[in-house]
Each structure stands twice: as C-alpha cells, then as structure tokens.
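Asker: Have a look at this one before I ask anything.
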Amino acid sequence: MDNGILAGLRVVDCGTYIAAPAAAVVMSDFGAEVIKIERPPYGDPYRYIGLVPGMPVSPLPYCWILDGRNKKSVALDLNDHDAREALVAIIRSADVFITNYQGPLVQKFRVAYHDLTPHNPRLIYAHLTGYGEIGDDCDQPGYDMTAYWARSGLMQTMHNANTEPSPSPAGFGDHPTSMALFGGIMLGLYRRAITGQGMNLTTSLMANGAWANSCNIQAALVGAEFLPKSTRSTTTNPIVNHYLTRDRQRFITCCLDPKKDWPNLCRALDHPELIDDPRFRTPELRRANGPELVAIIDASVGSKDMAEWREILRLNDVIWGPVPGTQQAARDPQMEANGVFSEIEPGLRTVSNPLTVAGVEKVKPSMAPKVGQHTTEVLLSVGLSKEAIQEMCASGAALDGSA
C-alpha cells in the first residue's frame, strides 16, 4: 500500500496520443507500473503536439509531461518479428493491455484480444476507439475534436446565436474518456479477482461524447422542442448567465431554483425591489423581458470588483462561479488546496487525476521518459538476453534511449 493501491500491477500502454494512454496515467498515479510501447526512433507523435500551430508555445513538451509521466518507455517496431515477440514476452507478465489503435492496425500488429489472450488468459484487454467496434465508421481515425466534441452534438450546442462553433481545446474529450476506460479496467480487475479470468472491454470517444451531451440527446430522443439559440444579452434565462465585473473579470450565476434563488440574487444585486417587479417576478416574465433584465444585472455587476462580488454572492447564498482564463486556473488556490496539482520536480508541476482516496496518497509523479529510455531494462526483466536486445537495436527494431 505504501507504493500505491495498484502497486504490483503491470500495465502495457500500447497507444498513441491521449485518451487510452491517459487511462494508464491514472493507474500509474495509484502505483501501477506502466510500460509505454513506442515506435522507434521518434516515439508517440503526441510528444510533439505542442508544436502544432495554435497550441500554447513552450520549449517544454507540456502535453507529454502530463500524459507520459511515471511511465517506462520501450521502443519497439511492431512490424518486426523479433520486436513483436518481445512485446508478447511483456504481455505474458502484464495485468492490463491498453490500446487505441484503429482496427486495421490492431490486425496488422496482431494485438487484438484473441491474439494476446492465448499468451495470458488473465489479461485485462482495454481497447479505445473513435467511433465504436462496428458500423461504417468503426475503422475511421478519430480525435476527441471529431469523435467526441463534434460527433456528439456538443460543438453545435455550445455556442451563442451570434457566434460560430469553435474547436475544442486539446484533450477536452480525451481526458474524461480516459476515466471511463479506467473504470472499465477496474471492473475487469474486479471480475478477475473473482473468476481468475481476463476480460475484453471497450469504449469510444463518440460514446463518451454522447454521454457528456446525454441530457440534450435524451431530450431529442423523447421529441422535446429545442429553443432557438440566444446570445448572452438575449438569453431566455438571465439568472443562468455570465456577467462582467468592474475589474473586467467574469462570473456565471446558476440559479436553478427560482423560488429561492431569484430573491437571493435580487438582494445580492442590491435591487430587492426586483423580487416582485411585474416585469420579472416569474420565470416566464424573466424570459419575456430577458434583455431588459440582463441590462439591469450588467449595470449592477459592473459597478463592483470581483473581490466584492465574491463576498456578496456568498453572503446571499447565490450559486455562482468565477470564469477564469486557463492561466488563472493554473494558479487557482482552491485547486491547489485540493491536490489538483502535483510536483514532478522543483518548479515543475502537473495536473493530477481527479480521483482522491481517503487516507491514501498518490504516487509522486516522475518525469515523462525519453523514447526507449527503459527498453533494455524492461526486456531484460521479461527474459530477453542482452545480446538479443542489442541485435534488435542494431537492426532498428528497437531503440535503447537510456543514454
């Protein structure tokens, strides 16, 4: 337990980019040993995603630091027979195998469930896809922006009437999806503890996007009428809206219980007379006179700084939240107090996974590895000779990046 709840488990991360490898990160945070399989010589292309135009600019591979932490990198070219046999040797010693390879690549590299379980019947096999296991699009490549954000309807939903849909931030759907995959893996490990048998499980970015948008999709499934899009100023519900303070900071109110929340908000705004104002006293009236009410709230909110509103809204029991930028979020004291950030080394922090177990500390994160940094170490541990490893490295089938 001192080394983590999942200490003693060996996880093979044979994926690329984010969602599947991020599930392995969660397991590593709780003590599992994670072996990252990468293709030599350059490794997972996710290492270089920070170079894509439009991404935040930094000399550090910040995305790789986040999702490569704690892992051991083994560089193997799975097109090579000896390299694939080395992977099989690792599989024999593993508890969990995670991949997000597309169907054709799974077949090409022979890493399907039926390929690997003869070597290890206790293996928990977790496969993440873009669009599911069957259907016309099952073998199509899918990033979270396409399969989670766009295909689910979220992209068309989450913008105002006067704006166009926008792309999602990097990893926006990948990291939530990784938690679903992690949950499935833990189900597999639980069943294995009872039956002794492994399990084949899958989830997709598309299904997780639908789950994220499930309230709206359920409305569509029952034939609900969807209202036309509005802007912030013409919203049909001004008490669920965002407003700008005098010092140009933004907060959002989320007043879902109008009987309680409307009077509280009016008192917070120092406009108690609005409570029974014939223009606004019911949800229907506030909808009909939304632009007028938004203008009144805008003027009130714009008269004070965020620090003042923070106290006023709390004192009046208004459900609200600040709307910070990402740079502010990275310095959020509430996140800091609750262990959202963890230190890799002095001056370098990362984002921890969102699960907390009472009385248990997560493993201190270690720096993401170089390509092939642990190739020799891991392959020796599963019975390959030093000479065989050197031969694979000399042929390009493997890479020893430990130097």
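Asker: More than 35 Å from the chain's Cα centre (by Cα) and either surrounded by 13 or more Cβ atoms within 10 Å (Cβ to Cβ) or aromatic (Phe, Trp, Tyr) (or both), is that true of residue 265?
Answerer: On the way: more than 35 Å from the chain's Cα centre (by Cα): no; either surrounded by 13 or more Cβ atoms within 10 Å (Cβ to Cβ) or aromatic (Phe, Trp, Tyr) (or both): yes.
No, not satisfied.
Asker: Please go through segment 1-52 and give me each residue that is part of a helix (DSSP H, G or I), touching a strand residue (DSSP E or B) at 6+ places or on another chain (Cβ under 7 Å) and under 26 Å from residue 146 (Cα atoms), ordered by number.
Answerer: Result: 19, 20, 21, 23, 24.
Asker: Can you tell me how many residues within segment 57-69 are open to solvent by 60 Å² or more (accessible area, probe 1.4 Å) and in contact with a Gly (Cβ under 7 Å, 6 or more places away or on another chain)?
Answerer: Step one: list which residues in segment 57-69 are open to solvent by 60 Å² or more (accessible area, probe 1.4 Å), which gives 57, 59-60, 62.
Those still in the list that are in contact with a Gly (Cβ under 7 Å, 6 or more places away or on another chain) too: 62.
Total meeting the criteria: 1.
Asker: Would a scan of segment 238-255 turn up a residue that is part of a helix (DSSP H, G or I) and either open to solvent by 30 Å² or more (accessible area, probe 1.4 Å) or touching a Gly at 6+ places or on another chain (Cβ under 7 Å) (or both)?
Answerer: No, that holds for no residue.
Asker: In this structure, does residue 272 turn out to be open to solvent by 20 Å² or more (accessible area, probe 1.4 Å), modelled with pLDDT under 95 and farther than 20 Å from residue 160 by Cα?
Answerer: Details: open to solvent by 20 Å² or more (accessible area, probe 1.4 Å): yes; modelled with pLDDT under 95: no; farther than 20 Å from residue 160 by Cα: yes.
No, not satisfied.
Asker: Across segment 78-110, what is the number of residues that are in contact (Cβ under 8 Å) with a residue 60 or more places away in the chain and open to solvent by 30 Å² or more (accessible area, probe 1.4 Å)?
Answerer: In the first step, residues of segment 78-110 are kept if they are in contact (Cβ under 8 Å) with a residue 60 or more places away in the chain; the result is 80, 82-83, 86-87, 89-101.
Then keep just the ones that are open to solvent by 30 Å² or more (accessible area, probe 1.4 Å); that gives 80, 82, 92-93, 100-101.
Summing the residues that are in contact (Cβ under 8 Å) with a residue 60 or more places away in the chain and open to solvent by 30 Å² or more (accessible area, probe 1.4 Å) in segment 78-110 gives 6.
Asker: For the structure I just gave you, tell me whether residue 356 is hydroxyl-bearing (Ser, Thr, Tyr) and open to solvent by 40 Å² or more (accessible area, probe 1.4 Å).
Answerer: Details: hydroxyl-bearing (Ser, Thr, Tyr): yes; open to solvent by 40 Å² or more (accessible area, probe 1.4 Å): yes.
Considered against the rule, which asks whether it is hydroxyl-bearing (Ser, Thr, Tyr) and open to solvent by 40 Å² or more (accessible area, probe 1.4 Å), residue 356 comes out as yes.
Asker: Examine segment 343-354 for a residue that is of a type in the set (Asp, Glu), farther than 30 Å from residue 263 by Cα and part of a helix (DSSP H, G or I), and state whether such a residue exists.
Answerer: If we filter segment 343-354 for residues that are of a type in the set (Asp, Glu), which is where we start, we get 343, 345.
Adding the requirement that they be farther than 30 Å from residue 263 by Cα leaves 343, 345.
With part of a helix (DSSP H, G or I) added as a condition, the list becomes none.
Taking every residue of segment 343-354 in turn, none turns out to be of a type in the set (Asp, Glu), farther than 30 Å from residue 263 by Cα and part of a helix (DSSP H, G or I).
Asker: May I ask you to say which residue of 331, 314 is open to solvent by 80 Å² or more (accessible area, probe 1.4 Å), over 30 Å from residue 92 (Cα atoms), assigned to a loop (DSSP other than H, G, I, E, B) and among the basic types (Lys, Arg)? Step through it out loud before you land on a result.
Answerer: Details: 314 fails: assigned to a loop (DSSP other than H, G, I, E, B).
Exactly one of 331, 314 is open to solvent by 80 Å² or more (accessible area, probe 1.4 Å), over 30 Å from residue 92 (Cα atoms), assigned to a loop (DSSP other than H, G, I, E, B) and among the basic types (Lys, Arg), namely 331.
Asker: Which of the residues belonging to segment 359-397 are of a type in the set (Gly, Ala, Ser), open to solvent by 60 Å² or more (accessible area, probe 1.4 Å), at pLDDT 95 or above and assigned to a loop (DSSP other than H, G, I, E, B)? Even if it seems obvious, please write down each step before you answer.
Answerer: If we filter segment 359-397 for residues that are of a type in the set (Gly, Ala, Ser), which is where we start, we get 359, 366, 368, 372, 381, 383, 385, 388, 394-397.
Cutting the leftovers down to open to solvent by 60 Å² or more (accessible area, probe 1.4 Å) gives us 359, 381, 383, 394-395.
Narrowing the set further to residues that are at pLDDT 95 or above leaves 381, 383, 394-395.
Within segment 359-397, just 383 meets the criteria.
Asker: Still on this structure, please answer the following. Out of (1) open to solvent by 20 Å² or more (accessible area, probe 1.4 Å); (2) of a type in the set (A, V, I, L, M, F, W, C); (3) more than 24 Å from the chain's Cα centre (by Cα), the odd one out for residue 207 is which?
Answerer: All conditions are met except number (3).
Asker: Evaluate segment 204-214: report whether one residue or more is touching a helix residue (DSSP H, G or I) at 6+ places or on another chain (Cβ under 8 Å), among the hydroxyl-bearing types (Ser, Thr, Tyr) and in a loop (DSSP other than H, G, I, E, B).
Answerer: Within segment 204-214, not a single residue is touching a helix residue (DSSP H, G or I) at 6+ places or on another chain (Cβ under 8 Å), among the hydroxyl-bearing types (Ser, Thr, Tyr) and in a loop (DSSP other than H, G, I, E, B).
Asker: Looking only at segment 3-52, filter to residues that are open to solvent by 40 Å² or more (accessible area, probe 1.4 Å) and touching a Gly at 6+ places or on another chain (Cβ under 7 Å); which one of those is modelled with the lowest pLDDT?
Answerer: Restricting attention to segment 3-52, the residues satisfying the condition of being open to solvent by 40 Å² or more (accessible area, probe 1.4 Å) are 3, 5, 7-8, 16-17, 33, 39, 41-42, 45, 48, 51-52.
Subsequent filtering for residues that are touching a Gly at 6+ places or on another chain (Cβ under 7 Å) retains 3, 5, 7.
Values: 3: 80, 5: 95, 7: 96.
Applying the filter and picking the extreme gives 3.
Asker: Next question, about the same structure. I'd like the full set of residues that are assigned to a helix (DSSP H, G or I) and either loosely packed, with under 13 Cβ neighbours inside 10 Å or not aliphatic (A, V, I, L, M) (or both), limited to segment 155-186. So that I can check it myself, show each step before the final result.
Answerer: Looking only at segment 155-186, we keep the residues that are assigned to a helix (DSSP H, G or I), and these are 155-157, 174-186.
156, 157, 174, 175, 176, 177, 178, 182, 183, 184 - these are the residues of segment 155-186 that are assigned to a helix (DSSP H, G or I) and either loosely packed, with under 13 Cβ neighbours inside 10 Å or not aliphatic (A, V, I, L, M) (or both).
The values are calculated or read from the model by the stated rules, or taken from the named source; none is laboratory data. Not measured: the values here are computed from a predicted model. Cβ sites come from the backbone with ideal geometry, for glycine too, and all protein chains shown count toward neighbours. These area figures cover heavy atoms from the full protein model, side chains too; ligands, DNA and RNA do not enter into them. Shrake-Rupley method; radii C 1.70, N 1.55, O 1.52, S 1.80 Å.
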